[in-house]
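Here's the structure we're looking at; comments come further down.
Each reported figure results from applying straightforward, stated rules to the coordinates on display, with no laboratory input. Computed from a predicted model, the values in this text were never measured in an experiment. Glycine also receives a Cβ, built like all others from the backbone with ideal geometry; neighbour counts cover every protein chain displayed.
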Amino acid sequence: MSTRVLFICTGNLCRSPTAEVLLRHAAANAGLAIETRSAGIHAPKGHPADQKAARVLAERGLSLAHHTATQVSSDDLEWADRVFCMEVRHLRYLERRLPEGPRCELLGPLAGFMELADPHGAWWLRPYRQSLQRIERAVERLLEQLQDD
C-alpha cells in the first residue's frame, strides 16, 4: 500500500508542484510507494507552472512541463494520507472551507522554517532557487519520516 501526500500552496504554480515532483522523484529513487499530488487554495485552473520555477527545477534535471494548476478540493483531501501546506494561511483556509479533511501540517518546519515563502512574480531567479533549496530540505526530511513509517 502506498502513502498519499498532498502539497498545498496558493496558486499551485511554484511551491506545491515543486514539492510534488521532488517527493515523487526521491520516493522512486528510494523504492518507496508514495503517490503525490499538489493543489492551490486560489489556483488559476489549467495554468502551466511558473516558468522560473520550472527553470530552477530543470537545473536539478526535473520537469514541471506537464503540470497544470489545480484548485484544492474535498476529494483531494479525502485522497491524501498526509497534507502539507506552505503557509499558515493555507491551513486556515482548509480549516474554514474543508473541515472534514485530514489533519494538515506545515512543510516549512521540516526545513527549519515556519513557512515557505512564495517566489511567484519575482523578477530574478534567486528567490526561486532559495525556495527550491528549502523545499528540497523539507522533502528530504519528509522522505526520512515516510521511510521510518
Taking the C-alpha atoms of the stretch 56-130, how large are the radius of gyration and the largest Cα-Cα span, Dmax, in Å? 14.4, 39
ALA65 versus ALA122, label points 7 Å from Cα toward the beta carbon: distance in nm? 2.5 nm
Gaussian network model of the chain, Cα within-10 Å springs - most flexible of HIS120, HIS66, HIS25: HIS66
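Under a Cβ-only charge scheme (Lys and Arg +1, Asp and Glu -1), can you give me the dipole magnitude of the stretch 3-144 about the Cα centre, in debye to the nearest 20? Each step should come with its number before you reach the end.
Working: 19 positive and 17 negative charges, 82 e Å.
Here the size comes out at about 400 debye.
Kindly provide the helix-only [θ] at 222 nm of the chain, computed as the sum of -39,500 (n - 2.57) over DSSP H runs of four or more divided by all residues, to the nearest 500 deg cm²/dmol?
Values: 5 runs with 63 residues, N = 149.
Mean residue ellipticity, 222 nm, calculated: -13500 deg cm²/dmol.
Take every Cα pair under 8 Å in the stretch 27-149 that's 6+ residues apart, average their separations, divide by the length, and report that relative contact order as a whole percent. Let's see the in-between values first.
Working: 140 pairs, mean separation 26.3, N = 123.
Once normalised by length, the contact order is 21 percent.
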Distribution output for the stretch 1-70: share of Cα-Cα pairs per 10 Å bin in percent, first bin at 0, values 23, 51, 24, 2
With springs connecting C-alpha atoms under 10 Å apart, model the chain as a Gaussian network and identify which of LEU107, LEU13, LEU98 has the largest mean-square fluctuation. LEU98
Between the stretch 1-62 and the stretch 93-149, what's the alpha-carbon centroid distance in Å? 11 Å
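Mind giving me the FRET efficiency for MET114 and SER2? R0 is 35 Å, r the Cβ-Cβ distance, nearest 0.05 is fine. Please list the in-between numbers first.
On the way: r = 29 Å, r/R0 = 0.84.
According to the calculation, E is roughly 0.75.
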Using amide H atoms built 1.01 Å from N in the peptide plane, name the residues 5+ places from GLU35, or on other chains, whose amide H lies under 5 Å from its own. THR3, ARG4, VAL5
So how long is each side of the chain along the principal axes, counting just the alpha-carbon atoms, biggest first, in Å? 39, 34, 29
Can you figure out the FRET efficiency of ASN29 with GLU78, using R₀ = 30 Å and their beta-carbon distance, to the nearest 0.05? 0.60
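Can you give the net charge of the other residues whose Cβ lies under 11 Å from the Cβ of PHE113, counting K and R as +1 and D and E as -1? All intermediate terms of the calculation are to be shown ahead of the outcome.
Numbers: positive: ARG134, ARG137; negative: GLU87, GLU115.
After counting each charged neighbour, the total is 0.
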Residue by residue through the stretch 104-121, what is 3J(HN,Hα) from phi via Karplus (6.51 cos²θ - 1.76 cosθ + 1.60, θ = phi - 60°)? Round to whole Hz and write x for glycine and proline. 9, 10, 8, 7, x, x, 5, 9, x, 10, 5, 10, 10, 5, 8, x, 3, x
